[in-house]
1. Take residue 110 and decide whether it is within 30 Å of residue 72 (Cα to Cα), touching a helix residue (DSSP H, G or I) at 6+ places or on another chain (Cβ under 6 Å) and surrounded by 16 or more Cβ atoms within 10 Å (Cβ to Cβ).
2. Of the residues 121, 102, only one is in the same structural domain as residue 163 (by TED's automatic domain parsing), modelled with pLDDT of 95 or more and in contact with a strand residue (DSSP E or B) (Cβ under 9 Å, 6 or more places away or on another chain); which?
3. Just name the residue that is surrounded by the fewest Cβ atoms within 10 Å (Cβ to Cβ) out of those in the stretch 30-56 that are part of a loop (DSSP other than H, G, I, E, B), touching a residue at least 60 places away in the same chain (Cβ under 8 Å) and on the phi < 0 side of the Ramachandran plot.
4. Read through the list (1) in contact with a helix residue (DSSP H, G or I) (Cβ under 7 Å, 6 or more places away or on another chain); (2) closer than 22 Å to residue 65 by Cα, then give the number of the only condition that residue 236 fails.
5. Given the structure, is residue 1 surrounded by fewer than 14 Cβ atoms within 10 Å (Cβ to Cβ) and modelled with pLDDT under 95?
6. State all residues of the stretch 178-198 that are closer than 20 Å to residue 224 by Cα and surrounded by 11 or more Cβ atoms within 10 Å (Cβ to Cβ); if no residue qualifies, say none.
7. Being in a loop (DSSP other than H, G, I, E, B) and either at pLDDT 95 or above or in contact with a helix residue (DSSP H, G or I) (Cβ under 7 Å, 6 or more places away or on another chain) (or both) is the requirement here; does residue 137 meet it?
8. Take the stretch 168-189 and flag every residue that is over 22 Å from residue 203 (Cα atoms) and outside any loop (DSSP other than H, G, I, E, B).
């Protein structure tokens, strides 16, 4: 097993950081690694906003549910799906691209490109001995995030990525079993086997939480995700995307 694979397999989210900022060299290295990610048709439909202004970080932390580590970290990157750039290109090249830019396909391209770039950035940061945590809580109020970051139409801040020197590292959470995630040739639809795998995973997660919290927490994974999906949160997103003239 090489160092890259070891780095990937050792991943865990870090939510407590030392009071030490990333250097300009570290920031630029992480961004260059993000840019090296695969991109659909060489479109590169994303923008990364580095937030160094502490007042802005505090505002974003509030949007994200008052998560302290959104404000207190080595650096905060905000990854944005960006189709604004192609409005500019359409003017430069005098080509009508409106229908294509507004399509669901190009919206998906932007989402996928952004996620690929972000994961490259995360792995690069962890390979430097830094800790990371994705911040989906920015989507609690994207209108406010756009206001703070002064983003134009067709730029959607998807999530943050906090990076820094870990103060505390938690035990790694067990993932779903490989045979539950990886199917060969066709999607395996044996519901009885599916439920058996999930019940086994529930036991693994209960044991993990029981050990980590000294018996204070014993919830199952299916219990967690069913509660998450039962909540109707961020239901404004459909209208927000339409207001940006995307995903039509």
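1. On the way: within 30 Å of residue 72 (Cα to Cα): yes; touching a helix residue (DSSP H, G or I) at 6+ places or on another chain (Cβ under 6 Å): no; surrounded by 16 or more Cβ atoms within 10 Å (Cβ to Cβ): yes.
No; evaluated as a whole, the condition is false for this residue.
2. On the way: 102 fails: in contact with a strand residue (DSSP E or B) (Cβ under 9 Å, 6 or more places away or on another chain).
One residue alone meets the criteria, 121.
3. Of the residues in the stretch 30-56, the ones part of a loop (DSSP other than H, G, I, E, B) are 36-39, 43-45, 52-53.
Now drop any that are not touching a residue at least 60 places away in the same chain (Cβ under 8 Å), which leaves 36-39, 43-45.
Keeping just the survivors that are on the phi < 0 side of the Ramachandran plot gives 36-39, 43, 45.
Working: 36: 13, 37: 18, 38: 10, 39: 17, 43: 16, 45: 26.
Selected residue: 38.
4. Of (1) in contact with a helix residue (DSSP H, G or I) (Cβ under 7 Å, 6 or more places away or on another chain); (2) closer than 22 Å to residue 65 by Cα, only one is false for residue 236: (1).
5. Working: surrounded by fewer than 14 Cβ atoms within 10 Å (Cβ to Cβ): yes; modelled with pLDDT under 95: yes.
Spelling it out, residue 1 is indeed surrounded by fewer than 14 Cβ atoms within 10 Å (Cβ to Cβ) and modelled with pLDDT under 95.
6. Across the stretch 178-198, the qualifying residues are 180, 194, 195, 196, 197, 198.
7. Details: in a loop (DSSP other than H, G, I, E, B): no; either at pLDDT 95 or above or in contact with a helix residue (DSSP H, G or I) (Cβ under 7 Å, 6 or more places away or on another chain) (or both): yes.
When the stated conditions are applied, residue 137 does not pass them.
8. 168, the sole residue that qualifies.
The values are calculated or read from the model by the stated rules, or taken from the named source; none is laboratory data. Owing to the predicted nature of the structure, the values given are computational and were not obtained by experimental measurement. Neighbour counts are summed over all protein chains in view; Cβ atoms, including those assigned to glycine, are modelled from backbone coordinates with ideal geometry.
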